[in-house]
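The values are calculated or read from the model by the stated rules, or taken from the named source; none is laboratory data. Note that the structure is a prediction, hence the values are computed from the model and not measured. Counting neighbours? That spans all protein chains shown, and the Cβs are built from the backbone with ideal geometry, glycine included. Accessible surface is based on the protein model in full, side chains and every heavy atom, while ligands, DNA and RNA are left aside. Shrake-Rupley method; radii C 1.70, N 1.55, O 1.52, S 1.80 Å.
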Amino acid sequence: VIDIGTELSNPYFTPLAERLGAEISVNVVSEGKLVNQSSTDGNQAFLDNSFLQDALEGKPVFEQDVLEGRDMFIKAVPFSSFAGEKIGVIEVGTDATEILAGARASLWTMLGVTLVISLLALTAFFLFAKSLGNAIGRLTSTMGRLASGDLTANVEGEDRPDETGAMARAVQVFKDNALKTKELE
């Protein structure tokens, strides 16, 4: 059995952490509590004791935290003695600052594109509604003139493929019938 104390842990984990681009913290059970034995980030645990206790109990722990201004993803897992007894928790923190910065930039880009597309859609809808309103307004005016006996009113919009065009064609039929009736009289 070899016991590696804190003096040997930091020199062992520091080069490993540097090669991985990560931070490592080792917490051991001492007098029923988890105590930080070694850490590449200032001799302290990365996560709160409640997370470390969950990890010791075998629950999955994967958290995001900020260490020294860096966004870190931290995974905590228990480790056991040769006898199988859980004796501590090791935390490995991966620097995700660049990934999260890219994600934030993508989010802002997506929000900007969504805003632009929404504004374009609203503008197009407004223009369509205005065009439809104008066409119906002209048709209503023409129907009013025809109803008052002015058969010289010009029916506009017959060439439209929508319902407004169908209404204009129906008004034109009424006008043509009124002209034929007047001619017969």
Only one of (1) within 38 Å of the chain's Cα centre (by Cα); (2) surrounded by 11 or more Cβ atoms within 10 Å (Cβ to Cβ); (3) at pLDDT below 90 does not apply to PRO15, and that is (2)
Among the residues of the stretch 118-139, the number that are exposed (fewer than 12 other Cβ atoms within 10 Å of the Cβ) and either among the basic types (Lys, Arg) or closer than 18 Å to ASN177 by Cα (or both) is 1
Over the stretch 145-162, the set of residues assigned to a loop (DSSP other than H, G, I, E, B) and of a type in the set (A, V, I, L, M) is LEU151, ALA153, VAL155
Restricted to the stretch 33-62 and to residues being in a loop (DSSP other than H, G, I, E, B) and touching a Ser or Thr at 6+ places or on another chain (Cβ under 9 Å), the residue modelled with the lowest pLDDT is ASN43
In the stretch 63-88, anything among the aromatic types (Phe, Trp, Tyr), farther than 18 Å from SER30 by Cβ and either assigned to a strand (DSSP E or B) or without any contact (Cβ under 8 Å) to a residue 60 or more places away in the chain (or both) is listed as PHE73
In the set VAL89, VAL26, VAL77, the lone residue that is of a type in the set (Val, Ile, Thr), touching a strand residue (DSSP E or B) at 6+ places or on another chain (Cβ under 9 Å) and either at pLDDT below 80 or surrounded by fewer than 19 Cβ atoms within 10 Å (Cβ to Cβ) (or both) is VAL77
Note: among THR152, THR164, THR142, THR181, just one is open to solvent by 80 Å² or more (accessible area, probe 1.4 Å), farther than 30 Å from PHE13 by Cα, of a type in the set (Val, Ile, Thr) and at pLDDT below 90, namely THR152
